[in-house]
1. Is region 139-199 rounded, prolate or oblate when judged by the Cα gyration tensor, a ≥ b ≥ c being the square roots of its eigenvalues, rounded requiring a/c under 1.5 and prolate requiring a/b larger than b/c?
2. Taking amide H positions as placed 1.01 Å from N in the peptide plane, with prolines and chain starts having none, which residues 5 or more places from Gly37, or on another chain, fall under 5 Å of its amide H?
3. Over region 127-202, what is the mean sequence separation of C-alpha contacts under 8 Å (at least six apart), divided by residue count, expressed as relative contact order in percent?
4. In whole Hz, what ³J(HN,Hα) sequence does region 14-26 give by Karplus (6.51, -1.76, 1.60; θ = phi - 60°), x for Gly and Pro?
5. So what are the radius of gyration and Dmax for the Cα set of region 1-64, in Å?
6. If Lys and Arg each add +1 and Asp and Glu each add -1, what is the summed charge of the other residues whose beta carbon sits under 14 Å from the beta carbon of Thr141?
7. Label Ile162 and Glu84 with points 7 Å out from Cα along Cα→Cβ: what is the distance between them in nm?
8. In terms of the Cα gyration tensor, with a ≥ b ≥ c the square roots of its eigenvalues, is region 97-193 rounded because a/c is under 1.5, prolate because a/b exceeds b/c, or oblate?
Amino acid sequence: MNRLPTTGLAKAISHLVNPAGAAAIALCGLSRDPAAGPVAWLILCLGLYVAIPLAAIPLVRHRLTGPDPGPERRFTDIYDPAPEARQLLLTAGVSIYGLSAGLLWALEAPAPYLWAATTFLCAATVVWGVNRLWKISIHTTGAGGAAGLLMISGAPGWPLAIGLPLTVAWARWVRGAHNAAQVVSGALLGALVAFGCQVLTR
């Protein structure tokens, strides 16, 4: 296969199914659960887990960039940043997820959304810790978590969810952002956290 189309497709998947994109897929699937309540809850969750994280990225980028950023702070590729930039992105993500989960619990949101919120927070926190020692894939953790949420909940079309982490893992590997162990570990982590958090929230 021609290298250029393959690389371009992998880049497009990385952009579309980033952690915010994976969260949107999971939340929309969970919204079909009768226990999810009115659509206003879905809109709130999309704002918390999609709009706010995406809006935070330029702020993190602005903080890291300067007249002559060192190699550890380089932010030339948003989906494969230098180590310090990556850790700051994760710190921002964990903070946003923590505040969002706290808000949803305080508002007594429907169980499916509390489950998703707890999954996102726990997975991001684990990745934040692991990232200090090893570059586990954030993308496949998000995709694995989304797949786990959809498959365990039995959302419409849930058998297709298994393709989500597989597709994202391929894209991250083709782009050279991660090796096979990093993408597989991320996908498994996300799915296992989704399963564990179901026990905590339902």
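1. Values: a/c = 3.61, a/b = 1.65, b/c = 2.18.
Taking the square roots of the gyration eigenvalues as a ≥ b ≥ c, region 139-199 is oblate.
2. Amide H to amide H, under 5 Å and 5 or more residues apart or across chains, Gly37 pairs with nothing.
3. Values: 95 pairs, mean separation 34.0, N = 76.
Once normalised by length, the contact order is 45 percent.
4. 4, 6, 6, 10, 6, x, 5, x, 5, 4, 4, 4, 5
5. Cα-based Rg and Dmax for region 1-64 come out at 15.7, 47 Å.
6. +3
7. 4.4 nm
8. On the way: a/c = 2.95, a/b = 1.36, b/c = 2.17.
In terms of gyration-tensor shape, oblate.
The values are calculated or read from the model by the stated rules, or taken from the named source; none is laboratory data. Model, not experiment: these values are computed from the prediction. With ideal geometry, Cβ positions are generated from the backbone for all residues, glycine too; neighbour counts draw on all protein chains shown. Ligands, DNA and RNA are excluded from the accessible area calculation, which covers all protein heavy atoms including side chains. Shrake-Rupley method; radii C 1.70, N 1.55, O 1.52, S 1.80 Å.
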